[in-house]
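The values are calculated or read from the model by the stated rules, or taken from the named source; none is laboratory data. None of the values given here were measured: they were computed from a predicted structure. All Cβ positions, glycine included, derive from the backbone under ideal geometry; neighbour counts span all protein chains shown.
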Amino acid sequence: MSNVKLAPTRILKVIPSDYCDIPYPTVAFQDSNAESRAGADGIIQNGNDPFQVQNSSGDWVNVVNPGDVIYFYEDNLAATVTEVLSPSDIRINAAILTEGEYYNLVIYQNSLFPNQGCQLYFPDPTVTLRIRFTSAGQDSAPGTNNGYVFGKVQSQVLPLQIVKLWESNTDTDVEYFAMW
């Protein structure tokens, strides 16, 4: 007998981004007090809550790892962590932040729990959307390596397993939700 899941058990508000996949909603780190400051060259500095911790042997262990996805919900920005530089500094793969500004952020453990494919829901029935996505099978439009673009899509749950919602060629003035 097959086990068909009809109702999702996890949901995440998605930020369309050309710089990261949709993360599975397992939080590695959260800074909701705007204490993380953007430095030069995609570096994010946080002096209060470290991105690394010391274990009982005195070794530094990453709380955040390369491949994790960082969301800046208030600014509608997202990127991928590329490097943990020190207990308080990480580097991301995109120059999307204003140097010297402070940000609230959530980092999802995409390096340990990657999104294997989610359904995408966009609830606004008043709009017809254009979305660009990459499927769980990494399928792309012929001659490209950057996903499919669907136009004139009405509010619905897409019956596809999706791993990335691109910002370019996607209507970003509506809310999107990933469901597993």
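If you scan the stretch 74-97, which residues turn out to be of a type in the set (Ser, Thr, Tyr) and either within 26 Å of residue 9 (Cβ to Cβ) or at pLDDT 95 or above (or both)?
Matches in the stretch 74-97: 80, 82.
Could you list, in sequence order, all residues of the stretch 12-39 that are modelled with pLDDT of 90 or more, loosely packed, with under 14 Cβ neighbours inside 10 Å and among the hydrophobic types (A, V, I, L, M, F, W, C)?
Once the filter is applied, which keeps residues that are modelled with pLDDT of 90 or more, loosely packed, with under 14 Cβ neighbours inside 10 Å and among the hydrophobic types (A, V, I, L, M, F, W, C), the stretch 12-39 yields only 27.
Would you say residue 91 is of a type outside the set (Ser, Thr, Tyr), farther than 26 Å from residue 179 by Cβ and either assigned by TED's automatic domain parsing to the domain that holds residue 160 or free of Cβ contacts under 8 Å to residues at least 60 places away in the same chain (or both)?
In short, yes.
Would you pick out the residues in the stretch 94-120 that are out of contact with any Asp or Glu (no Cβ under 9 Å at 6 or more places or on another chain), under 19 Å from residue 22 (Cβ atoms) and not aliphatic (A, V, I, L, M)?
113, 116, 117, 118, 119
Does residue 49 qualify as being farther than 22 Å from residue 14 by Cβ and crowded, with 17+ Cβ neighbours inside 10 Å?
For residue 49, the condition - farther than 22 Å from residue 14 by Cβ and crowded, with 17+ Cβ neighbours inside 10 Å - is not met.
Based on this model, can you work out whether residue 144 counts as β-branched (Val, Ile, Thr) and either at pLDDT 90 or above or part of a loop (DSSP other than H, G, I, E, B) (or both)?
For residue 144, the condition - β-branched (Val, Ile, Thr) and either at pLDDT 90 or above or part of a loop (DSSP other than H, G, I, E, B) (or both) - is met.
Listed here are the residues, each with its yes/no results for (1) touching a residue at least 24 places away in the same chain (Cβ under 8 Å); (2) of a type in the set (Phe, Trp, Tyr); (3) assigned to a loop (DSSP other than H, G, I, E, B).
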| residue | (1), (2), (3) |
| --- | --- |
| 13 | yes, no, no |
| 18 | yes, no, yes |
| 21 | yes, no, yes |
| 25 | yes, no, yes |
| 29 | yes, yes, no |
| 34 | yes, no, no |
| 37 | yes, no, no |
| 49 | no, no, yes |
| 53 | yes, no, no |
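Here is a check on your reading of the model: is residue 58 over 30 Å from residue 136 (Cβ atoms) and not in a strand (DSSP E or B)?
yes
In the stretch 52-66, is there at least one residue being closer than 23 Å to residue 133 by Cα and not basic (Lys, Arg)?
yes
May I ask you to list the residues in the stretch 61-77 that are surrounded by 17 or more Cβ atoms within 10 Å (Cβ to Cβ) and not in a loop (DSSP other than H, G, I, E, B)?
62, 69, 70, 71, 72, 77, listed by residue number.
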